[in-house]
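Bear in mind that the values in this text are calculations on the coordinates, not laboratory data. A quick note: this is a predicted structure, and the numbers were derived from the prediction, not measured. So basically every Cβ, Gly included, is an ideal-geometry build from the backbone, and we count neighbours across all protein chains shown.
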Ligand code: ADP
Ligand code: MG
């Protein structure tokens, strides 16, 4: 195994990777089929490992971006995936290849697509399913934060599902903006997608784990309402909506949303990062206690009663937080 130990001096990037970067042509080992998604500097394609018939997702990351050599950024993304390897809510890195233009990450395939599709669909998911997906997302985020990693680009396009319907388990992807906290002092950067980023990022204030929790609030909001909480007509308006936390829970979009869901989201979409609950705090919010191990038909129960709570800590849940 080759060890790439170029020190990550570029803005706290990780430089140590264990996964060997193969230089043989990726097409000789994998049959590359359809496109799964694309971003600014990456294309993700479905591929089949010829030797095993197993399906993977191949993320082709361009090494040159805006005329600059960005290999260190790609190596960083690999290194973060390696740090998160024991996190079951993070997509697994299977292998890596290098071509003239790209580094290709062979990733565990998430066959259910993006949870984004469930945010814009005519038919929203039942709240019990949303609760399950948010709980899994929090587990993943909690695990990352315990490793001193912040994702910084959590959004419905970067939370995938292992199977489509009924929705499977979540897998967090896209660690291009992820950073390790604490290593080289304070982290301030302008990054992410305005619609989903926390006010402290727009204001160039220090980034902490609380930044990811804001995004979890946005994701939960979108899953229960089918709307993006801060999206304006243009970038300017979106920035303003985010930094003023211009969000309205009394609208028609919330008419069928439980009070507990609203309470959960309200506690995450707060301006001051220190006032947001941590991922661990969130997991004991009463919204997430519901139907934890329930597998039968929908019970006939009244809507949860409005509950008033202050602060960000909740009592311990009745049962363990682990998924079955
Ligand atoms: P980018 O940095 O360009 O946003 P992502 O890693 O987010 O790249 O991948 C882009 C899109 O490709 C994702 O939003 C998703 O739709 C799809 N995708 C990425 N990884 C996988 C995967 N492991 N399995 C299935 N689809 C994937
Ligand atoms: Mg992405």
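Just a few scattered comments:
- Annotation: the residues 288, 191, 61, 202, sorted from fewest to most other C-beta atoms within 10 Å of their own C-beta, follow the order 191, 202, 288, 61.
- Start at zero, step by 5 Å, and the Cα-Cα distances of the stretch 33-81 spread as 5, 19, 21, 21, 18, 11, 4, 1 percent across the bins.
- Listing 114, 122, 77, 274 from fewest to most neighbouring C-beta atoms within 10 Å gives 122, 274, 114, 77.
- Counting other Cβ atoms within 10 Å as a rough exposure proxy, the listed residues 143, 101 run 101, 143 from fewest neighbours to most.
- Each part gets one Cα centre, and for the stretch 60-95 versus the stretch 27-52 those centres are 16 Å apart.
- Hydrodynamic radius of the stretch 1-152 by the Kirkwood approach over all distinct alpha-carbon pairs: 17.0 Å.
- In terms of the mean number of neighbouring beta-carbon atoms within 10 Å, the peptides 35-43, 153-161 order highest first as 153-161, 35-43.
- Semi-axis lengths, Å, the stretch 221-286, gyration tensor of Cα atoms, sqrt of 5 times eigenvalues: 21, 17, 9
- Translational diffusion coefficient (Stokes-Einstein; Kirkwood radius from C-alpha pairs) of the stretch 101-159 at 4 °C, 1.567 mPa s, in µm²/s: 96
- Stretchable slack from residue 48 to residue 28, in nm (0.36 nm times residue separation minus alpha-carbon distance): 6.1 nm
- Packing rank of 194-201, 20-27, where each peptide gets the mean count of other beta carbons within 10 Å, highest leading: 194-201, 20-27
- The shape of the stretch 169-272 can be summarised by an equivalent ellipsoid whose semi-axes, obtained from the alpha carbon gyration tensor, come to 25, 16, 13 Å from longest to shortest.
- Maximal additional length on extending the residue 148-residue 165 stretch stands at 2.8 nm, based on 0.36 nm per residue less the C-alpha distance.
- Between residue 255 and residue 234, the simple spin-label model (points 7 angstrom out along Cα→Cβ) gives 3.3 nm.
- In terms of packing, defined here as the mean over residues of other Cβ atoms within 10 angstrom, the peptides 174-181, 235-242 line up highest first as 174-181, 235-242.
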